[in-house]
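One structure is given here, and the rest of the page talks about it.
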Amino acid sequence: MQTHPPVHTVVGACPHDCPDTCSLLTTVQDGRAIKVQGNPAHAMTDGVLCTKVSRYTERTYHPERILQPLKRVGPKGSGQFEPVTWDAALDDIATRLKRIAADDPQAILPYSYAGTMGLVQGESIAARFFHQLGASLLDRTICASAGAEALTYTLGAKVGMRVGQFAQSKLILIWGSNSIGSNLHFWRMAQEAKRQGAKLVCIDPRKSETADKCHTHIALKPGTDAALALALMHECIVHNWLDQDYLDRYTVGWDALRARALQWPPQRAAEVCGVPVEQIIELARDWGTTRPAAIRLNYGMQRVRGGGNAVRAIACLPALTGAWRHPAGGLLLASSGHFPVRRAALQRPDLLGDRRPRMVNMSTIGEALLAPASPAFGPQIQAVVVYNSNPVAVAPQSGQVVQGFAREDLFTVVLEHFQTDTADYADYILPATTQLEHWDIHTSYGHTDVLLNRPAIAPVGQARTNTAIFRALAQRMGYHDPCFQEDDEALCRSAIGAPQDFDILLAQGFFSLDLPDVPFAQGGFPTPSGKCEFFSQRLADMGLDGLPDHVPNYEVAQAHGRYPLAMISPPARNFLNSSFVNLQSLRDIEAEPVLEMHPHDAAARGIANGAVVRVFNDRGTYVCKARVNDRARLGVVNGLGIWWRKLGLNGTNVNELTSQKLTDLGRAPVFYDCLVEVALDGA
Ligand SMILES: Nc1nc2c(c(=O)[nH]1)N[C@H]1C(S)=C(S)[C@@H](COP(=O)(O)OP(=O)(O)OC[C@H]3O[C@@H](n4cnc5c(=O)[nH]c(N)nc54)[C@H](O)[C@@H]3O)O[C@H]1N2
Ligand SMILES: Nc1nc2c(c(=O)[nH]1)N[C@H]1C(S)=C(S)[C@@H](COP(=O)(O)OP(=O)(O)OC[C@H]3O[C@@H](n4cnc5c(=O)[nH]c(N)nc54)[C@H](O)[C@@H]3O)O[C@H]1N2
Ligand code: SF4
Ligand SMILES: [Mo]
């Protein structure tokens, strides 16, 4: 055992699903964490954390934290539990899982996402466990898979500009991203660029905090981004703002894309997007004539039916003008593809042997839990093991998700810090450690550094790491492969790169990947052709459109339709998805669940600022407070997410309204492709 002085600091990493992956410094006094701060030695973090994670000690020592295993005693969903010992809980869980698996292990489903982004407390021992078991596989699509696939078919992988380079750009399109709210450390680069004379353009239906601070805000209708991108191409073609040499050498399918883009004069796009044509013409001129020009694309714009095509269209733009030739030009959606993560070593898919379990899409968990056995679906789901996620709050069309989790015959285990909306439906809640209490390795989707998270304190109460819980279950299931004994430090060592990288992490806490500053100046894209693929033969081979196009939303508002308002539900700044909603100090800032409405849309319904309103469609009803202001554009309402249902005004949240339809690429949810009507509550 290492001995520490009474007050010392420990270097860690923020575990949250956020592109910034900050380096944390935790101050520990007599074994208790007293402060969590940003690490000034890590360039990207620069000593600054967001408000949420500055409150990490409040979250860790929260009086409602689950500190012992709990067993359900009341009806499903009633939230009544009694404490049990770890042995009793694990023995019973293993017995129940064995009984189901004896019939068909695919009746068991793991459900997890990015509650922690750590490679070790995410999918390591857990993945090994479910692979050995032969459980159903989970298609992890809830956030980013439309954009990720789109990027893969266009640029070859989740790769792009180095984030630090944005500080030198002269034009930055902040596209489908509320950087101040959800990518704070990128915003520093944008501000630096602004100080040096760059123009910032925000492309977002919502007048976000970020839009407030940009020179121009293009408030297009949700789901119309591809139309805008095609019109920008149109203008680049007709004004000859093209880099013909770059097109000739480093792209595939230019003639075909050119023909398609010529069908999108600005006037057509202006009508589809619902923005003034002058704005499109000006944006095109800026994009076509400014060097270096860069796009910070983010996932907010791909949560609609055509999200994949839209990302493809936008990802083509830098190649048209040769923006990639400059270090501060190009595009960044996600940097995750740069990291040499050793996924197979961590997750051991080989433990499946010859078995090929079915894949269940996490984005349609409601439908899946309600599906009977059938030849197409396979066995009915009889058990779900949830970790690092809160599906009852975050998955679309909660009405069905709740109905599914409420099945009395479904056996549900939830590994959690808190009694979330999902944990309310558990048969067992198992107390998990937080980031201050375990080892982990972190990559990032917004920068290109690898970070080590060291435990700062001992586990609180009886909490155990996710890995320890799955190790203990594996032992009870009779799994004797030595891979189930591997400890967390060994897992950290094998998670990424070469084993000696872990020694660097132990010594320094983090390191930067060694990458070129101008990755695609001369092509070199990780696509099959090595070029930027405007036309994708792989998509065409699947019977899909090989070129990007504007694919309209499933739910497009009609003037006299039953549901005339489009609703988007981007994050509230002080929550992280549904995490932190139960922290009083942060909930006080967000005040209450809100729906932002344009003054005309509110007036037409007799709704005043602060009124309690019913937001509804055929899928359900959500009650919240109207915030009437210019953050909402005409015809679009913004239901800021993602409240815990049980902390809302009528026991629902915004996902009561969203649908389980899926995107064009990547099988992802369409949270921002959703029509509603709004009325005064009680009216
Ligand atoms: N504070 C905070 N930070 C977060 C999160 C959080 O919950 N809270 N969540 C984290 C996670 S999991 C993720 S994936 C990222 C998400 O962060 P982003 O990838 O930035 O995505 P969103 O926040 O969903 O949406 C960003 C912006 O896109 C806008 N938008 C919505 N529909 C459209 C559209 O059709 N077109 C365009 N152009 N814009 C549109 C929204 O109004 C919003 O302002 O942030 C991470 N960071
Ligand atoms: N309407 C609407 N819905 C959305 C979105 C939206 O914009 N609008 N955004 C979507 C997006 S982008 C995403 S990524 C999903 C996110 O959905 P989730 O991945 O479910 O994210 P969270 O809501 O933060 O829930 C994570 C849970 O993991 C738990 N957790 C954290 N660390 C650990 C750990 O180490 N061990 C264990 N066992 N548990 C841990 C936390 O306590 C928390 O309850 O939501 C999606 N849902
Ligand atoms: S949530 Fe994002 S900004 Fe906040 S501390 Fe974590 S990585 Fe940094
Ligand atoms: Mo996400």
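FYI, it's all coordinate maths here, none of it is from the lab. From a predicted model like this one, the values you see are computed outputs, not experimental measurements. As a convention, Cβ positions derive from the backbone with ideal geometry for all residues, glycine included, and neighbour counts pool all protein chains shown.
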Query raised in the report: If you plug each phi of the range 261-269 into the Karplus form 6.51 cos²θ - 1.76 cosθ + 1.60 with θ = phi - 60°, what whole-Hz ³J(HN,Hα) values come out, in order, with x for Gly and Pro?
Result: 4, 5, 7, 10, x, x, 4, 5, 5
Requested in this report: Between the alpha-carbon centers of the range 417-493 and the range 98-154, tell me the distance in whole angstrom.
Outcome: 15 Å
Report task. Between Phe511 and Arg358, with labels modelled 7 Å along Cα→Cβ, what's the label distance in nm to one decimal, could you check? Result -> 4.5 nm
Report summary line: With a Förster distance of 30 angstrom and the Cβ-Cβ distance between Glu590 and Val48, calculated FRET efficiency to the nearest 0.05 equals 0.90
Report task. Hey, can you grab everything whose amide H is under 5 Å from the amide H of Leu640? Only 5+ residues off in sequence or another chain; H modelled, so Pro and N-termini drop out. Result -> Val594, Glu596
Query raised in the report: Put +1 on the Cβ of every Lys and Arg and -1 on every Asp and Glu Cβ in the chain; which of Thr652, Leu640, Pro455 then has its Cα farthest towards the positive end of the dipole?
Result: Leu640
Query raised in the report: Can you list the residues, at least 5 places off or on another chain, whose amide H is less than 5 Å from the amide H of Ser578, using H built in the peptide plane?
Result: none
Query raised in the report: In whole Å, what is the distance between the alpha-carbon centres of the range 566-592 and the range 253-327?
Result: 32 Å
Query raised in the report: Counting pairs of alpha carbon atoms under 8 Å apart in space and at least six apart in sequence, what relative contact order in percent does the range 565-680 give?
Result: 36 percent
Query raised in the report: Kirkwood hydrodynamic radius (Cα pairs, Å) of the chain?
Result: 25.8 Å
Report summary line: Packing-ranked peptide list from 620-628, 61-69, highest mean Cβ count within 10 angstrom first, is 620-628, 61-69
Report summary line: Amide H neighbours of Lys199 at under 5 Å, excluding residues fewer than 5 places away on the same chain, with H built from the backbone geometry, are Leu171, Ile172
**Report entry** Highest to lowest packing among 106-115, 334-343, 645-654, scored as the average C-beta count within 10 Å
**Finding:** 106-115, 645-654, 334-343
Report summary line: Partnerless cysteines (no other Cys beta carbon under 4.7 Å) identified across the chain are Cys18, Cys50, Cys143, Cys236, Cys273, Cys316, Cys483, Cys492, Cys532, Cys624, Cys674
Query raised in the report: Expressed in nm², what is the orientationally averaged projection area of the convex hull enclosing the Cα positions of the range 7-58?
Result: 3.4 nm²
Report task. Sort all Cα-Cα distances of the range 324-403 into consecutive 5 angstrom bins from zero, then give the percent of pairs in each bin up to the one containing the longest distance. Result -> 3, 10, 14, 14, 15, 14, 11, 9, 5, 3, 2, 0
**Report entry** Dipole-positive endmost among Cys14, Thr51, Ala41 within the range 7-58 (Cβ charges, Cα centre)
**Finding:** Thr51
Requested in this report: Note down the nm distance, to one decimal, between modelled labels 7 Å out along Cα→Cβ at His560 and at Asp103.
Outcome: 5.3 nm
Report summary line: Distance in nm between Gln80 and His239 label points, each 7 Å along Cα→Cβ, equals 6.9 nm
Report summary line: Taking the square root of 5λ for each eigenvalue of the C-alpha gyration tensor of the range 565-680, the equivalent ellipsoid has semi-axes, largest first and in whole angstrom, of 20, 19, 13
Query raised in the report: If you place +1 on the Cβ of every Lys and Arg, -1 on the Cβ of every Asp and Glu, and leave all else neutral, what size is the dipole of the range 83-173 about its Cα centre, to the nearest 20 Debye?
Result: 520 debye
**Report entry** Packing rank of 416-423, 298-305, 42-49, where each peptide gets the mean count of other beta carbons within 10 Å, highest leading
**Finding:** 298-305, 416-423, 42-49
Query raised in the report: When the Karplus curve 6.51 cos²θ - 1.76 cosθ + 1.60 is applied with θ = phi - 60°, which whole-Hz ³J(HN,Hα) does each residue of the range 642-657 get, with x for Gly and Pro?
Result: 10, 5, 5, 3, 6, 9, x, 7, 10, x, 10, 9, 5, 6, 4, 9
Report summary line: Summing -39500 (n - 2.57) over every DSSP H run of at least 4 in the chain, dividing by its residue total and rounding to the nearest 500, the 222 nm mean residue ellipticity is -8000 deg cm²/dmol
Query raised in the report: For the range 587-614, list residues with backbone N below 18 Å from a point placed 7 Å from the Cα of Glu58 toward its Cβ?
Result: 587-593
Report task. For the range 44-51, just list the computed ³J(HN,Hα) in residue order, Karplus coefficients 6.51, -1.76 and 1.60, θ = phi - 60°, integers in Hz, with x standing in for Gly and Pro. Result -> 5, 6, 6, x, 10, 10, 6, 4
Report task. Give the calculated FRET efficiency between Asp91 and Gln263 to the nearest 0.05, with a Förster radius of 56 Å applied to their Cβ-Cβ distance. Result -> 0.30
Requested in this report: Among Glu533, Glu596, rank each residue by its count of other Cβ atoms within 10 Å, from fewest to most, as a rough exposure measure.
Outcome: Glu596, Glu533
